[in-house]
Structure formats: structure tokens, C-alpha cells
Amino acid sequence: MADQERMPTPWTAIEHKESFEVRDASGQTLAYIHFEDELQRRRSTRRISKDMARRLASQICKLPGYITKAKGETL
């Protein structure tokens, strides 16, 4: 329960020009996932594709549900 108070749900992913930002319900930034769609630039900057970044941000947003499910709690 204390974890939920520190990072209130729901978590959301916000798309920016070159990244996705994951925020909790209070607006606190939890993660940035940077991407690059141009293949040559992606290789040189070691970034992932926009689609992969979107999927990763989406999975991060689901983490509170996985944690409470594992603990047997409900949101």
C-alpha cells in the first residue's frame, strides 16, 4: 500500500517529439523512453524505434496492476 501512495495510479504515457514520458497520477515523471525512427540515427544514438518505445511505455504503465495482482490486492 505504501508503494501506491508514493507513485499514485493510474500511470500514463505522454508522447513527446523524441520520447515517451511515463507519469503517475500526481504528475511525477517516472521514466523517459527515448526513440529514433531514422535507422542510421537510431544506430548511432543507440535508441529504439518509436513503436518499441510506445510498447515499453505502455508496459511500464501496467506495472502497478501487476504488483497489486501479485500481492492479492485490488486497485
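FYI, it's all coordinate maths here, none of it is from the lab. It should be emphasised that the depicted structure is a prediction, and the values quoted were computed from it without experimental measurement.
Numbers at a glance
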| quantity | calculated |
| --- | --- |
| Full-extension gain in nm, Leu39 to Tyr66, via 0.36 nm per residue minus C-alpha separation | 6.4 nm |
| Whole-Hz couplings from phi, Karplus 6.51/-1.76/1.60, listed for the stretch 25-39; x for Gly and Pro | 5, 8, x, 6, 6, 9, 7, 10, 10, 8, 9, 8, 8, 6, 4 |
| Global size of the chain as Cα Rg and Dmax, reported in angstrom | 14.5, 46 |
| Under 27 Å from the Cα of Lys17 - lysines, other chains or at least 8 residues apart | Lys50, Lys62 |
| Folded to 0 to 90 degrees: helix 50-61 orientation relative to the chain principal axis, Cα | 10 degrees |
